[in-house]
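Have a look at the structure below before the remarks.
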Amino acid sequence: MFKPADSDYLVPFDGSFRVADAPSHPTMKEKWRPKKRLKNAIMRLDELQRVLWASDRHALLLIFQGMDSAGKDSTIRAVMRGINPAGCQVYSFKKPSEMDLDHDFLWRTSRSLPERGRIGIFNRSQYEEVLIVRVHPEILTRQKLPETIKLETIWDERLESIRDQELHLARNGTVILKFWLNLSREEQRNRFLARLDEPTKHWKFNAADVEARKHWDAYMHAYGAALNATSRPWAPWYAIPADSKPYMRARVAEIIVDTLSGIDLSYPRPSDEDREGFAAVRAKLSRPDGQ
């Protein structure tokens with residue numbers, strides 16, 4: 001398995017993370033130049049993605065979670081810009097379908113996992129089942145669960161299932177990075193107002209998102225429980241300050257680059273038999289008629 005990238009925003013593995021202590025805005029005072037750093041990180045990520053694809057031994061799974069307007073869509077778009085789209089796949093998980101509800105809660109994300117050599121991106125994920133459903137447990141009544149499942153234990157059980165699955169994936173070559181885009185309540189309010197002020201952003205506005213603000217403290221409690229229970233060396237969480245979008249995008253990109261750089265990725269080496277075949281083909285192509 002891989003070693004998590006060093007970062008001030010790495011959620012500890014010992015359950016000591018506290019949402020209230022996590023910054024939503026960068027604290028550095030020096031000029032950080034996030035746009036330049038993002039550009040440099042994307043160039044390096046493009047190189048690493050090519051080797052990841054060619055080596056065909058690992059997959060990379062990126063999970064993005066955050067409150068509405070935290071910048072999940074724009075971060076995915078910004079960080080993946082310039083990366084070969086043939087080597088990536090993005091899934092956005094909305095309200096579960098009837099088919100989803102006829103399976104266990106991990107089914108719909110499990111069937112979307114990236115194969116070796118590719119980057120899979122989850123915009124929201126299985127974690128919705130311990131976040132929004134935990135805040136609104138009435139959703140459980142539509143999930144056709146066995147009568148033996150109890151509300152007092154279901155959240156810990158689901159977190160255990162997620163943790164076990166992530167360990168299984170990591171043991172089999174999937175590199176998992178999870179990003180909680182930590183947006184402040186005040187900045188969310190400002191972004192909602194901006195959506196109302198800008199006609200081209202009206203389509204993004206949903207009154208239900210504003211209603212969710214009433215449950216802010218409950219969501220923060222759910223995030224704290226989820227991150228503490230599932231941030232592990234094989235599937236770390238990073239609590240990224242999201243009030244500054246340029247900073248957030250650059251930090252996410254650099255963490256991905258640092259992680260992939262720490263894996264033993266290399267282009268496959270041809271065997272002696274392959275080299276002999278290359279020599280034979282080269283000899284044919286070197287003839288005047290190319291035959």
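None of the figures in this text is laboratory data; all of them are computed from the coordinates on show. Treat the numbers as computed from the prediction; the structure is a model and nothing was measured. Methodologically, a virtual Cβ is constructed for each residue, glycine included, from the backbone with ideal geometry; neighbour enumeration extends over all protein chains shown.
Taking each of 39/72; 36/204; 144/178; 201/245 in turn, the alpha-carbon distance tops 25 angstrom for 36/204; 144/178.
A straight Cα-to-Cα reach below 17 Å connects residue 214 with none of the lysines, residues fewer than 8 places away in its own chain not being considered.
In the chain, the DSSP-assigned H stretches of four residues or longer account for a calculated mean residue ellipticity at 222 nm of -13500 deg cm²/dmol, using -39500 (n - 2.57) per stretch and the full residue count as denominator. Charges on Cβ only, +1 for Lys and Arg, -1 for Asp and Glu, centred on the Cα centroid of segment 169-291; of 183, 229, 199, which one is farthest towards the dipole's positive end? Of the listed residues, the answer is 199.
Scalar couplings 3J(HN,Hα) for segment 122-128, obtained by applying the Karplus form with A = 6.51, B = -1.76, C = 1.60 to θ = phi - 60°, are 10, 8, 6, 6, 4, 5, 4 Hz; x denotes Gly and Pro. In this structure the amide hydrogen of residue 145, modeled in the peptide plane, comes within under 5 Å of no amide hydrogen from residues 5 or more places off or on another chain.
Note on the chain: with charges restricted to the Cβ of Lys and Arg (+1) and Asp and Glu (-1), its dipole about the Cα centre is near 1220 debye. Result for the chain in a Gaussian network model with C-alpha springs under 10 Å: among 72, 144, 95, the largest mean-square fluctuation is at 95. Kindly identify segment 6-150 as rounded, prolate or oblate by the Cα gyration tensor criterion: order the square roots of the eigenvalues as a ≥ b ≥ c, call it rounded if a/c is under 1.5, otherwise compare a/b with b/c, prolate if a/b is larger, else oblate. Oblate is the answer for segment 6-150, as a/c is 1.5 or above yet b/c matches or exceeds a/b. Where the centre of each part is set by its Cα atoms, how far does segment 1-63 sit from segment 225-291, in angstrom? Centre-to-centre distance over Cα atoms comes out at 14 Å. For segment 97-168, averaging the sequence separation of C-alpha pairs within contact (under 8 Å, six or more residues apart) and dividing by the residue count gives a relative contact order of 35 percent.
Helix 272-286 axis versus longest C-alpha principal axis of the chain: approximately 60°, rounded to the nearest ten.
Averaging sequence separations of C-alpha pairs under 8 Å and six or more residues apart, then dividing by the length of the chain, give the relative contact order as a whole percent. The normalised contact order for the chain reaches 37 percent.
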